[in-house]
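A short write-up of the structure that comes next.
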Amino acid sequence: MSQEPVETTFTEPGADEDVMVEVRDLRTYYGGDSMFGGPPVKAVDGVSFDIKRGETLGLVGESGCGKTTLGRTLVQLESATGGEVLFDGTDVTELSGKQLKQWRRNSQIVFQDPDSSLNDRMTVGEIVREPLDVHDVGTPRERRQQVRELLDTVGLQREHYYRYPHQFSGGQRQRIGIARTLTLEPDFIVLDEPVSALDVSVQAEVINLLEDLQEEFGLTYLFIAHDLSVVRHICDRVAVMYLGNIMELGPTEELFADPANPYTHSLLSAIPEPDPTSDSDRITLYGTPPNPRHPPSGCPFSTRCPVRIRPDEFAHLDDELWTAINTLREVLRERERADRTTTDRIRELLGRESRFGTIDGIYEEVFGDVTVPPEVEEPLDEAADHVRAGDEASALEVLFEAFGAVCEAEAPDYYTVGDTDRESFCHRHGDEYRSPAEVLDERHG
Amino acid sequence: MAVEQTAERTGTREEPIVTVRNLQTAFFTDKEVIRAVDGVNFEIVPGETVGIVGESGSGKSVTARSIMGLVDSPGRILEGSSVRFHHTDTVREFADRFPGRTVDLAAVAEGRDPEALFAHDAVGATPSAFGYDDASEASVADFVAAGYGEALGIDPEDCVFITEGTVDDPLDGFVEITRLSGESQRAMRGGRIAMVFQDPLTSLNPVYTVGNQIEEALELHRDLSGREATREAIDLLEAVGIPDARRRVNEYPHQFSGGMRQRAVIAMALACDPEVLICDEPTTALDVTIQAQILELLADLQTDRDLGIMFITHDMGVIADVSDRVNVMYAGEVVESAAVEPLFAQPRHPYTRGLLESIPGRQEGGRLQTIEGTVPTPNEPATYCRFAPRCPERFEPCDEVHPVSVPVNDEDGDHTAACLLYPEDEPREAAVSSHEARDDSVREQGGERR
C-alpha cells in the first residue's frame, strides 16, 4: 500500500474546475511576537487542501487540534500567519478594507453555542436582519420581508420576528444562527460544531435542515465537529486534524471503513458505538495531545502513536517495556516544563525531598513491574544521572538518542493511499516500513 | 490496591445494594410544581453498571442528586419515595452511631397484619404501588420504607431499619437514604455513595492543590491526616493512572489537563472506598480519546472494587459501552428499562426507538429520523402519557390514561416499558384498561401529590 510521497498540492490549481477554495500551506500562530511571550502557539501549522464547490468537507479532531482556528481563518475572523487561502483564485488573506467587507458576504460562519452567539437584547428579526443593515441591502421594508422569508426557510415562524432569543429552545436558537448566515446569500459556510450543544433528536432536525439548505441554495460547507458519527452522515470528504496538521484527508466512507493513518485509526476506535454487541477493539491512546506551544519534533503524533517506528536494535523489546519508556519520557517532558518555585529550588539544593520526588521513585513506579534488559538499562541510567543533576533536557536527549526513530526525527510526507486520492501523513506509508494497519494488528490484535 | 477492600459483601452478586422505589422529587416554585422525577424505580447492583439515558430535562441528574441527598430548596423528595441502601456493614455502623434513629422491624411488625395496614387511614397505598400483585405479599417493611411509619408509630427521623438481629446486634437491614439528615447524611454521602460530576473543573476548588482536596475527604471520612493522608492521596492518584503522582499531588487543578482532572475527581470519589459510584455525564466534557481512557479506568476500578455504578449520559454510544442495564428517562419517568442488549436490539417504547433512530449511522443513508417537538416540563401530575404529543404511534387513550411499566419481552421478563401499546398480545382496549386500573392505584398511593 506504500506509495511515493506526493507534493502537498492536492490538485493542480485550475486543473479541476470544481474547486472553490484552495488552501495552501496555511499557518495561524497565536502570540510569539513579544519578547517575553515564549514561542508562539502553532494552532494551524501548515495545512493544504481544496474544497470543491457544493461539497461538505468535514474537519475533525480533538479539542485544541486547531480545527476551529482553521475554520475561522478561512472566513478571515483570524488572520493567517502565512500561506494562502484562495477563493476562486483570489487570495483572501491579502484582502483588507472594502474588498474584505465585500468578500465577506460570500462566506459565513455558524457558531457552536447558540446561547453565546446570539445577542439576547436584540429581537430575532434584528439579529437576522443585521447583516443586511451592515451591507446596506435593499430598503428597510424589503429587508424585513426577506428576514421573514428566511425564518420560514429555516423552519421558524414569521411571527417569531419580534421575539427574543431566550424564548427559544436550543435547536430553534441554532436555526436563528443559521438564518443569520443565510441573509447575504453566501456560497460558502463554515459550520463550527453546529450541533454539539444539542440533544440527539434536535441534532437530527438541524442536520436535516442543513442538508436541505445545501441542496436548495447550492451551498458549500466546511463542517467542523468532534462527533464522528455526525460527520460520517453529512460529509462528502473528511480531513482529520491533529496538533495543527492534517493527518489524513479523503472521501468519508473510505476513510471510515479503512483508515490509513494511525491517528485516524485510534480516533475511530475510541468512539463508543451505539451497539452493545459490537466487539471492535479499542485502541486507547496514552496521554493527552501535546501543548501546541511546544509541539514534538518530527511527526506531531509521535508522542502518542500506537505504531511508532522503533529502532532496529530494540525491535525485540516487548510492548510493556515500550509503554514504560514512553511514560518516562512523558513524565520528563512535563517536568521540564513545570515551573519550579524558589522553595523547590532551595529544597533541591539542600538535598531535601522536594515536591518533584526523586528519579528513583519514578523509575520504581514506571519500571517496577517490567524486566529491563541490560542494553536498555544503560541509557536509562545515564538519563537518571542527568535528572539527578536537574537537567531533564539532557536526559530526554539521551532517551531520544537511544529509543527515538525517524518518527521523532523528521516530519513525515503526505502519501497517497487507497484508490481515491486519499492523503495520509505518516512515515509508515514509505516503502521501507510496514504499514500502520499491519503493525496495529500485531501490537494490538 | 490503594484502599483496602471492605471486609465482606452481603449476599450474592445479584442482590442490589441500592433499590430506588417510586422516587418522586419535585421543585416547588411560586408559579408551579415541577415534578422533575416522578415515580422512578430501579436498582444498583454491586459490580454492575446501571445506565440512565435521556435528553436534557428528562430528570436524570435530579435522580442522581436525590440519591446523593443533594436536592436543595425549593426542591424536595416527596413522601412515598424510597431509596434503600442494603449493606450490612453500613447498617451495623449506622445502628451503632445513631441508636436513637434505629428501628427493629421485627419488633414493629409483631402482632401486625401487613394486609390490614392497607385499610389504615394514614395509608393510601395499594399492593400494586409496592410492585405486588396481591396484598399478602406486602411486608411491614414496605409500609415503613414508603413513609407510612406514622401509622405504625415510627418517628419520621428514623432511618436505620433492622430486618434481622436486634438494634444492639444487627445482622441485616437497610438504611433509608431519603430520611437521612445532618451527620448521618454526611456519612452516607461521600463515604458510602460517591459522585463524579460532568465538569471536573467545577468539582475542584481552584485555590487548593489536588492533594489538599483528596486529603480533606480522607480526613473527614477516614480520619487520616498529615503524612499518612498525603501518602494515601498519592496512592489514590496512582490508582487512577496519574503518572508522577508525587509531584502531581502538590499541583493545582489548572495545572492538570481535562482528562487528568477527571481522574483526580475520580480519585477523590474513591478516597473513602465507597460501595456505589454515581457518574453524572463524567465524559461529556472530554474528547473521545480521553473519554476512552476514562471509561476504561472506570471499568477497571469497578472490577477491582466491585463497585455498583450508576452512569448518567445522553450519549447512546457510551451507554451501550458501559451499561449492564439501561433505564430510558423521559420527562421525569422511566419509560423503558432492560438489559443493554435487548434494549438496543429490540427497543419497545416509541421514544427509545425515536432516540435510537435519530443517531446518525444507525441506519443507512437518507434523512435522519427526528422526534418532533421538545421534552415537556412535567409541571402537573401525570394523568396521561407525557410522550403522547410527540409520539408517532399515539392513539386516543394516550391523552387520558397514564401508562405504567409492563413486561414487554417474552424472553426477558425484566424488559419493561411504560406504553399503552403493551402488553402486545392483549387487545388494545384490554391493555389500556389494565394500565388504567393499575395507574389509579399509583396515584392514590402517591397521596401527597399536590
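Structural remarks
- Scanning chain B for chymotrypsin sites (Phe, Trp or Tyr not before Pro) lying in DSSP loops with no more than 14 further Cβ atoms inside 10 Å, the longest uninterrupted stretch between such sites is B:209-394.
- Looking at the range B:380-424, the GluC sites (Glu not before Pro) that sit in a DSSP loop and have at most 10 other Cβ atoms within 10 Å of their own Cβ are B:Glu411.
- Between the residues A:Gly218, A:Leu151, A:Val240, the greatest Cα displacement towards the positive end of the dipole of the range A:5-270, with unit charges on the Cβ of Lys, Arg, Asp and Glu, is found for A:Leu151.
- Test item: Cα-centred dipole of the protein assembly as shown, Lys/Arg +1 and Asp/Glu -1 on Cβ, debye: 3600
- Legend: ranking of residues B:Met195, A:Met247 from fewest to most surrounding C-beta atoms inside 10 Å; resulting order B:Met195, A:Met247.
- Dipole in debye (nearest 20) - chain A, about Cα centre, beta carbon charges: Lys, Arg +1; Asp, Glu -1: 2640
- In this structure, A:Ser297 and A:Glu253 have a Cβ-Cβ separation that, at R0 = 30 Å, corresponds to a calculated FRET efficiency of about 0.30.
- For the range A:15-122, the list of chymotrypsin sites (Phe, Trp or Tyr not before Pro) that fall in a loop by DSSP and count at most 13 other C-beta atoms within 10 angstrom reads A:Phe36.
- Considering every alpha-carbon pair of chain A, the percent of pairs per 10 Å bin, from zero through the bin containing the longest distance, is 4, 18, 25, 23, 16, 9, 4, 1, 0.
- Projecting the Cα atoms of A:Gln174, A:Tyr29, A:Thr73 onto the dipole axis of the range A:5-270, where Lys and Arg carry +1 and Asp and Glu carry -1 at the beta carbon, places A:Gln174 farthest toward the positive end.
- If the segment from A:Glu397 to A:Asp33 were pulled out straight at 0.36 nm per residue, it would be longer than the present Cα-Cα gap by 128.2 nm.
- Local net charge near A:Val92, Cβ-Cβ under 14 Å (Lys/Arg +1, Asp/Glu -1): -1
- Residue exposure proxy: B:Asp169, A:Asp199, ordered by other Cβ atoms within 10 angstrom of their Cβ from fewest to most, comes out as B:Asp169, A:Asp199.
- Averaged over B:284-294, number of beta-carbon atoms from partner chains that fall within 10 Å: 6
- Exposure proxy ranking, count of Cβ atoms within 10 Å, fewest first, for B:Thr25, B:Thr230, B:Thr377: B:Thr377, B:Thr230, B:Thr25
- The protein assembly as shown: projected area of the alpha-carbon convex hull, averaged over directions, in nm²: 41.6
- Loop sites by DSSP among the trypsin sites (Lys or Arg not before Pro) of chain A, restricted to those with at most 10 other Cβ atoms within 10 angstrom, leave A:122-351 as the longest stretch without any of them.
- Distance from the C-alpha centroid of the range A:180-223 to that of the range B:63-102: 48 Å, rounded to the whole angstrom.
- Taking a straight line from the alpha carbon of A:Lys98, these lysines sit under 27 Å away, with near neighbours fewer than eight places off in the same chain left out: A:Lys52.
- Calculated SAXS-style log₁₀ I(q)/I(0) at q = 0.10, 0.15 Å⁻¹ - the range A:5-270, Debye, Cα scatterers: -0.52, -1.15
- Three-way shape call for chain B based on the alpha-carbon gyration tensor, with the a/c threshold at 1.5: oblate
- In the protein assembly as shown, the DSSP-assigned H stretches of four residues or longer account for a calculated mean residue ellipticity at 222 nm of -10500 deg cm²/dmol, using -39500 (n - 2.57) per stretch and the full residue count as denominator.
- Excluding same-chain neighbours fewer than eight residues apart, no lysines are reachable from A:Lys101 by a Cα-Cα span under 20 Å.
- All other residues whose Cβ lies under 12 angstrom from that of A:Phe301 are scored, Lys and Arg at +1 and Asp and Glu at -1, for a net of 0.
- Between B:Gly226, B:Gly332, B:Gly75, the Gaussian network model of chain B with springs among Cα atoms under 10 angstrom shows the greatest mean-square fluctuation at B:Gly226.
- For the range B:12-51, GluC sites (Glu not before Pro) are listed when DSSP marks them as loop and at most 13 other Cβ atoms sit within 10 Å of their Cβ; the list is B:Glu14, B:Glu32.
- Other residues within the sphere of radius under 14 Å centred on the Cβ of A:Glu126, judged by their own Cβ, net out at +4 (K and R +1, D and E -1).
- Here is the tail figure for the range B:246-374: Cα pairs spaced more than 26 Å apart come to 34 percent of all pairs.
Only the coordinates and a few stated rules stand behind these numbers; no lab work does. Treat the numbers as computed from the prediction; the structure is a model and nothing was measured. With ideal geometry, Cβ positions are generated from the backbone for all residues, glycine too; neighbour counts draw on all protein chains shown.
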